[in-house]
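Working notes, beginning with the structure itself.
The values are calculated or read from the model by the stated rules, or taken from the named source; none is laboratory data. This one's a predicted model, so the numbers in the text were calculated from it and none came from an experiment. All Cβ positions, even for glycine, are placed from backbone atoms using ideal geometry, and neighbour counts span all protein chains on display. We work out accessible area using only protein heavy atoms, side chains counted, and drop any ligands, DNA or RNA first. Shrake-Rupley method; radii C 1.70, N 1.55, O 1.52, S 1.80 Å.
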Amino acid sequence: MSTKERVLFITCSIFSYCSKMLKKPSSLVFSVSGGIDSSVVSTIFATIGMNTSGLSMPIKQIKAQYDVS
């Protein structure tokens with residue numbers, strides 16, 4: 001599966017999930033830890049055309065590194 005196909009699959013999955021809700025959501029919230037996977041998810045959510053918010057969820061690390069994630 002190519003990168004474009006994967007992004008399309010994830011995007012379609014998000015819309016499919018939302019379409020099954022009793023009330024269409026006006027926004028979506030997702031969590032990020034600061035890793036590369038969080039960057040990919042943030043980028044995909046930014047392109048889907050809905051209001052989105054990312055919540056930073058620091059992984060177990062020393063306190064001085066919290067701002068890095």
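General observations
- Hits in region 1-34 (condition: in contact with a helix residue (DSSP H, G or I) (Cβ under 6 Å, 6 or more places away or on another chain), among the aliphatic types (A, V, I, L, M) and not in a helix (DSSP H, G or I)): Val32
- Matching residues in region 42-62 - criterion: being outside any loop (DSSP other than H, G, I, E, B) and in contact with a helix residue (DSSP H, G or I) (Cβ under 6 Å, 6 or more places away or on another chain): Ile44, Thr52, Gly54
- Listed conditions (1) exposed (fewer than 14 other Cβ atoms within 10 Å of the Cβ); (2) assigned to a loop (DSSP other than H, G, I, E, B) are all met by Asp37, apart from (2).
- Scan region 39-56 for residues that are touching a residue at least 24 places away in the same chain (Cβ under 8 Å) and hydroxyl-bearing (Ser, Thr, Tyr) and the total you get is 4.
- Of everything in region 11-26 that is touching a residue at least 12 places away in the same chain (Cβ under 8 Å) and open to solvent by 70 Å² or more (accessible area, probe 1.4 Å), the residue that is nearest to Val40 (Cα to Cα) is Phe15.
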